[in-house]
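Each value in this text was obtained by applying a stated rule to the coordinates, not by laboratory testing. Since the structure is predicted, the reported quantities are computational estimates derived from the model, not experimental observations. Don't worry about glycine lacking a Cβ; one is built from the backbone with ideal geometry, like all the others, and counts go over all protein chains shown.
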C-alpha cells in the first residue's frame, strides 16, 4: 500500500522549563507574604524571639516556595521525558517509513515487440524513430493514425487470426527472456495485463499454451484493470523472495486512433529475492506515487527515488493530461527539481499512446535510457489515475 508519512502521529514540542529567576522572585515574595501573615496573626503573649517564631516567619514560607518549585520542576521533567520518548518513537517510525518508501524492485530482464523496435527502443525513439502511420480504415470509414506491429495497421482481423498473432508475438517475447528465466530461479509470479480484446480466460489459455512448462510458476494473474504503475506498490511491500514477470498486451483487433501496438515483458525481483540471492539488478524501479495533491506527490516520489535538487534526471511521460502536467511542473519548480531536468520524451509524439501497455513501455524506455545515460529517470504516466515513479541505474 502507498506509504503516507502524514499518517505518522506528529512530533510534540518540548515543554517550557520553569524560569529560575521567576521562581526565585516567587519564593522571595512567598517568604515576605508569609512573614507579614505571621506577624499579623502572631499571638501577643508569645515571644517573637523564639525559634518557633522564626520558623513560622521564615522557614515555613521558604519551604512552601521551594516545594512549589520542586513540584513544578518535577512536572516539567516528567513531561519532557514523555515528549522526548514520543519524539524518539516518531523518529524511529519515520525512518522506518522512509526505508519502506525507498524500497525498489530490481530489473533482471526485459523484452518486447513494438512497431518502432524490438530492442533499444529508447535509443530509437530519442533518435526520432516512429511507427505511427496514417491509413484509411474501411471498417469505420475514417482516417486513423496508428502504429502496428504488422502492415497495414488497419487490417481487419478475425478473432482466430488475432489469437494466432498474439500467440506468435507472445512466444517471441518470452523467447527473448529465455536466458534470464533460466538463470534466475525462485518463486515466479506472472502478471498479465491486457486490453480486453479477449477475455481473461482466453488470455490465460493462450499463455499456458505458449509458456514453456520447464519454467515453474507459482501463480498467474490476468486483468484489464487500469492501475498503470501502481501494481508495483504491492510488490514492494512483499517480504518473500519472489520474481514477477509483468506482461502487458496492447494488440489491435481493430485499429485505434493514435495508439501503438506492443507486447512486452519485464522480469523483476523483490528486494528480499535480491538480498537472498545476492544479485545486482540492471536498474532499480522505486515506489510509484498517485498524484492526488500534486506538491506532496512530487515531494514523495522524489524522496522515494532519492532525488535531490542536485541530481540530474530525464523526464518520460505518456498519456498525461495537460492540467496534471502543468501542476506537476509547477511543483517540481517550486521544490527546486526542475532545474536539473536534462531532457524529455513524450511517447505520444513518436511511439503513440501505449494504451494498456503504458506501464511496461514507459518503464522499458526509462530503464534502457538509465543504463545508457547513467542518469535518474523520472516517469509520469496517465491511466485511471496520474502516477509518477523514479527509475535509477544500478
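Summary of values
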{"quantity": "Among 302, 40, 324: highest mean-square fluctuation, GNM of the chain, C-alpha pairs under 10 Å", "calculated": "40"}
{"quantity": "Distance between modelled label sites at residue 205 and residue 99, nm, 7 Å Cα→Cβ extension", "calculated": "4.9 nm"}
{"quantity": "Label assignment, Rg/Rh (Cα atoms, Kirkwood Rh) derived from the structure, set (1) 0.99; (2) 1.34; (3) 0.95", "calculated": "(2)"}
{"quantity": "Square roots of five times the Cα gyration tensor eigenvalues for the stretch 77-135, Å", "calculated": "55, 13, 8"}
{"quantity": "Choice from 66, 285, 206 with maximal GNM fluctuation in the chain (Cα, 10 Å cutoff)", "calculated": "66"}
{"quantity": "Zone of residue 46's modelled label, taken as backbone nitrogen in the stretch 59-74 under 19 Å from a point 7 Å along Cα→Cβ", "calculated": "59-64"}
{"quantity": "Kirkwood hydrodynamic radius of the stretch 306-394, from inverse mean 1/r over distinct Cα pairs, in Å", "calculated": "13.2 Å"}
{"quantity": "Rg(Cα)/(2.2 N^0.38 Å) for the stretch 5-100, N = residue count", "calculated": "1.86"}
{"quantity": "Fluctuation leader among 209, 321, 20 - the chain, Gaussian network, Cα springs under 10 angstrom", "calculated": "20"}
{"quantity": "Separation of alpha-carbon centers, the stretch 186-246 and the stretch 1-49, rounded to whole Å", "calculated": "68 Å"}
{"quantity": "Kirkwood Rh and Cα Rg combined as Rg/Rh, the stretch 242-394", "calculated": "0.97"}
{"quantity": "Within the chain, helix-based [θ] at 222 nm, where runs of 4 or more DSSP H residues each add -39,500 (n - 2.57), nearest 500", "calculated": "-13500 deg cm²/dmol"}
{"quantity": "Estimated inter-spin distance, residue 293 and residue 83, nm [label 7 Å along Cα→Cβ]", "calculated": "2.4 nm"}
{"quantity": "Normalised contact order of the stretch 297-394, rounded percent, pairs of Cα under 8 Å and 6 or more residues apart", "calculated": "36 percent"}
{"quantity": "The stretch 338-394 and the stretch 262-316: distance between their alpha carbon centers, rounded to Å", "calculated": "11 Å"}
